[in-house]
1. Step by step: first the residues of region 218-255, then only those that are crowded, with 18+ Cβ neighbours inside 10 Å and among the polar types (S, T, N, Q), then the one that is modelled with the highest pLDDT. Which residue is that?
2. Identify, from the list Thr55, Thr91, Thr49, the residue that is in contact with a Lys or Arg (Cβ under 7 Å, 6 or more places away or on another chain) and surrounded by fewer than 20 Cβ atoms within 10 Å (Cβ to Cβ).
3. Filter region 188-222 down to residues that are among the hydroxyl-bearing types (Ser, Thr, Tyr) and out of contact with any Gly (no Cβ under 9 Å at 6 or more places or on another chain) and give me whichever is farthest from Ala28 (Cα to Cα).
4. I'd like the full set of residues that are more than 20 Å from Phe217 (Cα to Cα) and either under 18 Å from the mean Cα position of the chain (by Cα) or aliphatic (A, V, I, L, M) (or both), limited to region 63-87.
5. Looking for whichever is at pLDDT below 90 and either under 21 Å from Asn225 (Cα atoms) or surrounded by fewer than 21 Cβ atoms within 10 Å (Cβ to Cβ) (or both) here; the options are Leu30, Leu17. Which one fits?
6. Quick one: how many residues across region 33-66 are at pLDDT 95 or above and aromatic (Phe, Trp, Tyr)?
7. For the subset of region 42-77 comprising residues that are in a loop (DSSP other than H, G, I, E, B) and among the hydroxyl-bearing types (Ser, Thr, Tyr), which member is farthest from Tyr90 (Cα to Cα)?
8. Looking at the structure I just gave you, is Ala145 in contact (Cβ under 8 Å) with a residue 40 or more places away in the chain and not in a loop (DSSP other than H, G, I, E, B)?
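The values are calculated or read from the model by the stated rules, or taken from the named source; none is laboratory data. The structure displayed is predicted, hence computed values, not measured ones. Note that we place each Cβ from the backbone using ideal geometry, even for glycine, and neighbour counts take in every protein chain shown.
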Amino acid sequence: MRRYSPSFLVFPICGLLLATAPMVSANAFLIDDFSDPANQTTTSQGNQTAWEDTTSSVIGGIRDGSVGCESSSSGGTTTAKFANGKLEVYTNKKASPSIYLAYDGTAGWGSNLDTDPFGNGTISPVLDFTDGGGNDRFSITFASAGGMDPSTNFFNDVLLSVKIEGEKNLYQANMDDAANAWMDENYNALAAGRAAAFEIDFSALGASIDMTKVEAFSLHICSENKNMDYSIDKIEAVPEPAVLTLVALFGIGLLSAKRLFNR
């Protein structure tokens with residue numbers, strides 16, 4: 001009698017799981033990978049200094065941004081630099097950094113960054129951040145961080161704003177508490193140059209939000225820490241880890257079955 005390895009059971013079990021699980025995508029939806037421009041530096045001494053980039057590497061084809069100082073002493077500056085596929089943010093240790101990023105398919109800021117970061121622009125056609133139902137959260141991948149001060153929170157504002165088709169008001173979520181707790185856990189790795197992703201559930205913006213009809217997205221990050229610096233590698237919408245685990249199990253099942261039938 002032919003004997004089967006217990007690993008053979010993985011294939012039918014994974015098949016059963018996939019058959020009964022919702023049909024979802026496990027592909028990340030890229031918002032910005034900061035690959036373009038290849039080299040650009042904007043420095044502010046005080047108020048927000050804006051820039052705009054027209055690039056196919058971001059949703060809507062246009063990235064509006066600004067950098068400024070949340071607070072500063074004499075001669076304080078904050079710099080936002082695009083280089084090596086990353087957005088680097090740093091100061092001259094006399095200012096605390098503040099940045100805005102907005103994606104609304106239109107060049108130029110609105111009249112008030114804090115209440116209307118999109119102006120009147122919208123991405124057309126609207127975008128499905130869920131990518132067919134598989135994605136349920138934002139992922140902001142930090143490539144590095146430095147200058148943590150135990151007496152000052154790393155962040156005092158991590159604000160996400162989303163504009164949905166047919167909705168008059170913006171959906172917003174201030175994630176500074178969660179971001180600070182996450183940074184406490186990941187700072188040593190980031191300081192050593194090991195990337196880590198801060199994830200935010202779509203539901204943080206509101207239980208009723210329809211992320212299949214996104215017209216615009218923005219992110220605001222600021223701090224009162226004058227010593228901090230950080231870099232961001234990419235911003236995405238991603239699936240929950242359980243979906244990725246299920247897909248990985250399916251791959252293991254396929255490999256086990258292939259080994260069996262090749263005997």
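1. For region 218-255, the residue satisfying everything is Ser231.
2. Matching residue, one of Thr55, Thr91, Thr49: Thr55.
3. Ser208
4. Those that are more than 20 Å from Phe217 (Cα to Cα) and either under 18 Å from the mean Cα position of the chain (by Cα) or aliphatic (A, V, I, L, M) (or both): Lys81, Ala83, Asn84, Gly85.
5. Leu17
6. 1
7. Ranking the candidates gives Ser56 first.
8. yes
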